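Have a look at the structure below, then the notes.
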Amino acid sequence: MTKDYDAIVIGTGIIGTCTGFELAKRGFKTLNVDKLPAAGYGSTSNTCAIIRLHYSTPAGVAMARESYFYWIDWGKYIGAYDESGYAKYINTGCLVTKTEKNHYLANVMASLDELNVVYEELDAEGMRRRLGLIDTRAYGPPVAAADPGFGKPTGDDVAGAVYIPESGYINDPQLSCHNVQRGCEAIGGEFRFNAEVVEILQESGRTEGVRLADGSEIRAPVVVNVGGPHSFVINRMAGVEEGMNIKTRALKQEVCHVPAPEGIDYNALGMLISDGDVGCYSRPEVGNHILIGSEDPPCDDFEWVADPDNYDNTFSGQWQTQVMREAQRLQGLPIPETQQGLVDLYDVSDDWIPIYDKSDLPGFYMAVGTSGNQYKNGPVAGQLMAHLIERVEGGHDHDAEPLQFHMKYVDRDCDVGFFSRLRTINPDSSFSVIG
Ligand SMILES: Cc1cc2nc3c(=O)[nH]c(=O)nc-3n(C[C@H](O)[C@H](O)[C@H](O)COP(=O)(O)OP(=O)(O)OC[C@H]3O[C@@H](n4cnc5c(N)ncnc54)[C@H](O)[C@@H]3O)c2cc1C
C-alpha cells in the first residue's frame, strides 16, 4: 500500500490533538483531520474543563493525578511557541459532599490516600467555614422539579464533605487544543481543517486511510477515531460497532451560567463543588459568574441524540432545574429570567467509562465514550493511545494480553484493558459524569 501518513487521527479536540502529538513524538508521520475550521471547536470548546482528583478507585485517581502534573506545567508539556499564548490552570480547591449514594466518600478517601493526595474531611460546620454562603442542610436524594418535595430539606445537615485543595479548571479549553496543535506541528505533525471524513478506506481486511467529503483520499495504515459525540457515526463507517461489547451514543447536556450572589466575589472565594445531594457540580466562571452542570441524578430525563449534526441545541426546563438545585446549596444565588450558558453533547459509553482501544478492523483504533469527564485526562489519554497503537502495530495481541501503560509522575501502571471495547458493563461505575 502507498501511504501519505503513518497515522490519521480523526478529530482535533483535546484527546485527538494529544493523540496526534504523542504519536508524532514516537516518530509517526501524523495527520489530524477535523471537519470544523480549527482545533478544539468540537465538544472540547464547551467543556467545563474541571481538573479534579477525586474518583472512587485508585486507578481513576492515578490517571487524573498524572494528568494534573501536565496541566500545572502546560507550557513545558507543549514545548513549543504558540502565538496565541497558553491555556492556564486556575486552582480553586474542590468541595465534595458526602452522600449515601457515594458511600460517604469512603472509597474516594481510600483512593486519594493511596495516591498521597492531600484532603481535609469536614463536618457541616467545617463546610460553612470553608464557604460562608453555603447552606449545609440535606436536600437529597435529588428529585424532579415537578416533585412536591423539590427544594425542601430532607433532613438536618448533610453528612459532611471532603475538601481537596489541588483542584481547579482550565481557563480556555479551545486554546489548550491550539497549544497541542502547535506542539505537534513543531515536531512534524500536520493538521487539516474543514475536512470531513465520510469513509474509512479498507483493503484486504485492513484500514487503508480515509475518504473526505470533497472526494479526496488520504492513505495511512492507522486511523484513530477521536470524533467525540460523533464517535458512533465513525465507528459505523468503519463497520466495527458490531464487534464492540460497549458502545457509545450522544447525550444532550445543558450548562448554566448565573451571576454570583450579590456582594460575593465568587472568583476569589468560590471553589469547585461536586454535590450529589443536590445533583449538581459548579465552579467559579469569569465575570463573577457561577457555572452549574448536572451530576445526572436518575430522576432526570436523559435526552439521547440520534444525529449529533441535527438536534435541538436550545435550553429546556433542565436549565432552570439545575439553577434551582444549586440555589438550595448557595444562599442568595439568583435565578435569572434570561438563560445563559451552553448546550452540547457528551459522548457516553454504556457504562460511562471511556473506550481507549483497538477495534476488530486491523489499523483502526478509538478513543471514545469520554462521557463528560475526560478533558482532564487528555494528555494521559494521548500517551496511552500512542503506546497502544505502537505496540499493537508492532504485533502485540492486546485483546488476549491487555497492555500496561506506565504513568511516570505517579510511578504506577495503568491497565489499558480496563478501557476495552470488549469489557462487560462495569457495575461499579456511577453511570454519571462522575465516572
Ligand atoms: C458540557 C460538557 C462539559 C464537560 N465538562 C468536563 C469537565 O469539567 N471536565 C472534564 O474532564 N471533562 C469534561 N467534559 C468532557 C470533555 O470535554 C471531553 O471528554 C473531551 O473534550 C473530548 O475531547 P475529544 O477530543 O475526544 O472530542 P471533541 O472535542 O468532541 O472533538 C471531536 C472532533 O472530531 C471532529 N469530527 C467528528 N466527526 C468528524 C468527521 N466525520 N470528520 C472529521 N472530523 C470529525 C469534530 O468536529 C470535533 O472537533 C465535558 C463535556 C461537555 C460536553
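A few comments on the model shown:
- Odd one out for ILE246, checked against (1) aliphatic (A, V, I, L, M); (2) under 30 Å from ARG211 (Cα atoms); (3) surrounded by 21 or more Cβ atoms within 10 Å (Cβ to Cβ); (4) within 13 Å of the ligand (Cβ to nearest atom): (4)
- The set of residues in segment 4-38 being within 10 Å of the ligand (Cβ to nearest atom), among the hydrophobic types (A, V, I, L, M, F, W, C), over 12 Å from GLY378 (Cβ atoms) and in contact with a helix residue (DSSP H, G or I) (Cβ under 8 Å, 6 or more places away or on another chain) consists of VAL9, ILE10, ALA38.
- Taking residues in segment 308-326 that are part of a helix (DSSP H, G or I), and partners anywhere that are basic (Lys, Arg), the pairs with Cβ atoms closer than 9 Å and at least 6 places apart or on different chains are GLN318/LYS252.
- Candidate set: segment 39-52, residues that are more than 6 Å from the ligand (Cβ to nearest atom) and out of contact with any Ser or Thr (no Cβ under 6 Å at 6 or more places or on another chain); chosen: the one farthest from ILE290 (Cα to Cα): GLY40
- Every residue from segment 195-207 that is out of contact with any Lys or Arg (no Cβ under 7 Å at 6 or more places or on another chain) and either farther than 20 Å from MET1 by Cβ or free of Cβ contacts under 8 Å to residues at least 12 places away in the same chain (or both): SER204
- Qualifying residue in segment 117-132 (condition: assigned to a strand (DSSP E or B) and either more than 28 Å from the chain's Cα centre (by Cα) or within 16 Å of the ligand (Cβ to nearest atom) (or both)): no
- The set of residues in segment 337-390 that are among the aromatic types (Phe, Trp, Tyr), touching a Gly at 6+ places or on another chain (Cβ under 8 Å) and more than 9 Å from the ligand (Cβ to nearest atom) contains only TRP352.
- Residue satisfying condition, being buried (at least 16 other Cβ atoms within 10 Å of the Cβ) and either in contact with a helix residue (DSSP H, G or I) (Cβ under 7 Å, 6 or more places away or on another chain) or at pLDDT below 95 (or both), within set GLY188, GLY209, GLY160, GLY270: GLY160
- Of the residues in segment 354-377, none is outside the structural domain of CYS18 (by TED's automatic domain parsing), assigned to a strand (DSSP E or B) and either at pLDDT below 95 or among the β-branched types (Val, Ile, Thr) (or both).
- Residue among THR338, THR424 that is among the β-branched types (Val, Ile, Thr) and within 27 Å of LYS101 (Cβ to Cβ): THR424
- Segment 214-241, subset of a type in the set (D, E, K, R) and free of Cβ contacts under 8 Å to residues at least 60 places away in the same chain, residue surrounded by the fewest Cβ atoms within 10 Å (Cβ to Cβ): ASP214
The values are calculated or read from the model by the stated rules, or taken from the named source; none is laboratory data. In this text the structure is predicted, and so the values were computed from the model without any measurement. No Cβ is skipped: glycine too gets one built from the backbone with ideal geometry, and neighbour counts run over all protein chains shown.
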